[in-house]
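A quick write-up on the structure given underneath.
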Amino acid sequence: MGHSSDFDPAEAARLALEHSHQEGALLPILHALQGRFGWIAPEAVAWVAERLNLSRAEVHGVVSFYHDFRDHPAGRQVIKVCQAEACQARGARHVTAQLEERLGVKLGQTAPDRSLTLEPVYCLGLCGNGPAALVDGRPYADLSGRGLARCLKGVGR
Amino acid sequence: MKVYVSGDAAAVALGADEVAAQITAALRPRSITVVRPGSRGYLPAEPLVEVETPTGRVAYGPIFEEDVPSLLPVLLEAGPHPRRLGRLEEHPFFVGQRRLTFARVGIIDPRSWSDYRDHGGLEGLTRARALAPSEIIARINNSGLRGRGGAGFPAGLKWKTAAEAPGARKFIVCNADEGDSGTFADRMLMEGDPFLLIEGMVIAALAVGATRGYIYLRSEYPLAIATITTALATARSEGLLSASFDIELRIGAGAYVCGEETALLESIEGKRGVVRAKPPLPAHQGLFGCPTVVNNVLTLAAVPHILASGPEVYAGFGMGRSRGTMPIQLAGNLRHTGLYEVPFGLTLGQLVDEVGGGSLSGRPIRAVQVGGPLGAYFPRALFDTPFDYEAFTAKKGLIGHGGVVAFDDTVDLAAQARFAMEFCAVESCGKCTPCRIGSTRGVEVIDRIRGDQDRAANLVVLKDLCETLRFGSLCALGGFVPYPVESALQHFPEDFQRAPQAAGPGHLPGRSQR
């Protein structure tokens with residue numbers, strides 16, 4: 001995830017084939033397309049709509065409903081830092097400010113050079129060891145303590 | 001001889017993979033197997049390392065990368081080390097527990113089918129196969145098992161309804177969209193004992209006559225997704241799953257509201273996760289319009305034990321109408337965080353002060369939120385409330401999925417109330433007007449109260465808004481968001497009589513931009 005490239009219908013068709021047996025396959029297909037292309041481009045919406053015999057509005061409605069699906073490319077790395085209550089109680093707000101400063105990007109934004117995106121997430125299930133974050137799907141905890149350095153190392157900073 | 005290095009997401013998040021790699025490399029010449037079990041559930045000791053000895057496993061934790069060189073020389077002899085915890089069965093965090101559902105989590109290799117069978121796996125299913133569907137349902141009924149997702153609806157009654165509903169196809173849907181902050185029991189179970197969940201679903205399928213199952217698992221749990229994917233493949237090759245009942249894994253996409261059962265069904269069908277009006281109940285018309293049982297991970301995972309040991313054993317634990325055990329999750333600002341499975345009935349104060357060991361920060365605990373973002377904030381004055389569905393309802397709270405999040409005295413409850421409203425605004429599916437718009441108005445009203453604009457009048461507006469949300473919402477998102485707000489108002493009124501302490505802690509940038 002995190003990388004983005006031009007939408008390729010042939011590649012999309014290959015990915016969608018793996019989901020052809022599934023009932024209600026829209027979410028699995030969108031996950032597959034985003035996993036490959038990094039985001040759900042307008043031409044991907046049109047392609048999926050055609051393929052599943054849905055209107056483009058229906059597909060757009062689903063893409064815009066779910067926080068995971070992107071209608072624009074993310075940075076090459078995606079850092080999701082937990083903002084939920086259990087992490088708040090262990091210092092998430094302070095840690096988020098530290099991450100913003102160290103990474104040079106505000107929460108909810110992508111760096112101008114597209115190197116990374118810093119996003120909020122609401123619970124990673126690491127509530128006893130928080131504050132917690134996911135870096136490209138790898139979990140990090142104890143960000144108020146020793147975990148911050150590990151996390152930044154994972155980001156390559 | 002085996003060495004165990006926790007492979008649970010919480011341990012991995014603290015560097016367990018690096019610890020396991022170091023230990024594996026060092027022990028390879030001695031042909032010692034390094035196993036990666038789930039978490040034992042005592043989270044301050046993660047990453048946890050255990051070594052097999054003739055008298056049981058001896059634990060060391062937390063073991064970080066830099067601790068490995070000092071641990072290796074003593075590990076195989078279970079020798080002394082500053083981080084040596086001894087046998088966890090004798091550790092204070094474990095002696096008071098009664099592990100029925102989590103008996104194997106942290107003990108077995110979650111990838112190993114033989115480990116599962118050797119530790120009592122499939123006993124429940126074997127019993128169930130000898131019973132008529134109605135007899136399975138009767139046993140679940142007699143156990144008193146209630147839905148562990150939060151609503152506490154009797155599981156046997158839900159199964160009976162789906163079993164009796166006419167339908168060419170029926171479904172078992174496992175709700176693994178564990179979105180409540182402070183909860184991680186579903187994740188721990190799926191990462192530590194995935195075959196237990198699958199066995200529970202197979203038993204449910206036998207009981208209601210289902211031909212297909214779905215596990216709806218949130219995307220925020222990548223390790224659980226990997227473990228369940230592997231376990232489903234193994235279950236197929238071992239014959240636990242087959243053409244007559246197979247399970248498909250579906251991944252969520254970051255929508256909290258999809259933890260609500262009807263929104264979850266919409267999502268599996270490939271739609272926006274918009275809540276459905278009930279009736280019809282999912283048990284009558286659920287997934288693709290067919291009779292469907294939607295149960296939480298912990299509900300389904302409790303089933304094999306009930307069948308294996310008998311419903312009276314399970315029903316023998318607990319208090320009042322809350323029977324059996326509850327995997328309570330201690331989180332937030334506590335010294336001893338973790339998974340604590342006990343019969344219902346311990347008081348909140350026992351959980352926080354005794355088991356949890358007070359605050360991690362060393363400051364006094366001021367508020368405890370039980371039951372996730374839609375749960376009430378309880379002050380110390382309510383710490384005598386026993387952990388029980390009805391007892392919490394009586395105190396205008398809820399136990400939800402069993403998450404307990406402690407805050408010390410630096411917490412600003414007006415900020416927490418604002419956060420609850422803002423979270424509701426971001427996560428509302430948009431179906432009900434009070435939830436879609438009222439939550440945003442709630443944020444604004446709380447801002448006015450904190451900014452001392454007509455404070456007294458706006459406090460009345462906020463209470464009125466909570467009434468509207470409670471009675472004007474279809475599901476628990478809009479219907480329950482008054483719990484954190486009103487409890488903050490009732491128990492911590494002084495926090496609403498002053499300006500915000502620092503930069504708005506409940507600020508949620510990014511997501512609301514969509």
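Using a 1.4 angstrom probe on protein heavy atoms only, which residues from the stretch B:254-276 are buried by at least 50 Å² of accessible area when all chains are present rather than their own chain alone?
In the stretch B:254-276, residues shielded by partner chains: B:GLY270, B:ARG272.
Report the one residue of B:VAL208, B:ASN296, B:PHE245 whose Cα lies farthest in the direction of the positive end of the charge dipole of the stretch B:113-315 (charges on C-beta: Lys and Arg +1, Asp and Glu -1; origin at the Cα centre).
B:VAL208
Give the A-B buried accessible area in Å², both sides summed, 1.4 Å probe, nearest 100.
Answer for the A-B pair: about 4500 Å² buried.
Looking at the stretch A:91-108, which residues lose a minimum of 30 Å² of accessible area between their chain alone and all protein chains in place, measuring with a 1.4 Å probe and not counting ligands or nucleic acids?
A:ARG93, A:LEU107
Per-residue ellipticity at 222 nm for chain B, helices alone: DSSP H runs ≥ 4 residues times -39500 (n - 2.57), over residue total, nearest 500 deg cm²/dmol?
Calculated at 222 nm, the ellipticity per residue is -11000 deg cm²/dmol.
Express the Stokes-Einstein translational diffusion coefficient of chain A in µm² s⁻¹, to the nearest whole number, given a Kirkwood radius over alpha-carbon pairs, 37 °C and a viscosity of 0.692 mPa s.
Estimated via Stokes-Einstein, D reaches 197 µm²/s.
Might you tell me the accessible area per residue for chain B, computed with a 1.4 Å probe and given in Å²?
34
In the stretch B:47-118, carbon and sulfur make up what percent of the accessible area (probe 1.4 Å)?
51
Find the centroid of the Cα atoms in the stretch B:353-421 and in the stretch A:40-101, then give the distance between the two in whole Å.
A separation of 30 Å, based on Cα centres.
Please compute the Kirkwood hydrodynamic radius over chain B, one decimal place, Å, based on all pairs of different Cα atoms.
Its Kirkwood hydrodynamic radius stands at 23.8 Å.
Gap in Å between the Cα centre of the stretch B:304-343 and the Cα centre of the stretch B:130-153?
Using only Cα atoms, the two centres lie 15 Å from each other.
Mind ranking B:VAL485, B:VAL355 by accessible surface for me, highest first, 1.4 Å probe?
My answer, sorted largest first, is B:VAL355, B:VAL485.
Which is farthest toward the positive dipole end of the stretch B:98-169 among B:GLY156, B:GLY106, B:ILE136, measuring Cα position about the Cα centre, with Cβ charges +1 (Lys, Arg) and -1 (Asp, Glu)?
The residue sitting most towards the positive pole is B:GLY156.
Under 17 Å from the Cα of B:LYS170, which lysines turn up, not counting those fewer than eight places away in the same chain?
Correct list for B:LYS170: B:LYS158, B:LYS160.
Taking just the alpha-carbon atoms of the protein assembly as shown, what radius of gyration and Dmax come out, in angstrom?
Looking at the protein assembly as shown, its Cα Rg and Dmax stand at 24.0, 75 Å.
Taking B:LYS431 as the anchor, which lysines have their alpha carbon closer than 16 Å to its alpha carbon, excluding any fewer than eight residues away along the same chain?
B:LYS271, B:LYS278
Would you work out the charge dipole size for the stretch B:190-286 about its Cα centre, treating the Cβ of every Lys and Arg as +1 and the Cβ of every Asp and Glu as -1, and quote it to the nearest 20 debye?
The dipole of the stretch B:190-286 has a size of about 360 debye.
Answer with one residue from A:LEU124, A:PHE65, A:TRP39: the one whose Cα lies farthest towards the positive end of the charge dipole of the stretch A:1-152, charges on Cβ with Lys, Arg +1 and Asp, Glu -1.
After comparing all options, I get A:LEU124.
Quick one: compute the contact order of chain B, relative version, from alpha carbon pairs under 8 angstrom and 6+ residues apart, as a percent.
13
The values are calculated or read from the model by the stated rules, or taken from the named source; none is laboratory data. From a predicted model like this one, the values you see are computed outputs, not experimental measurements. Reconstructed Cβ throughout: ideal geometry from the backbone, glycine too, with neighbour counts over all protein chains shown. Side chains included, ligands, DNA and RNA excluded: accessible areas come from the protein's heavy atoms. Shrake-Rupley method; radii C 1.70, N 1.55, O 1.52, S 1.80 Å.
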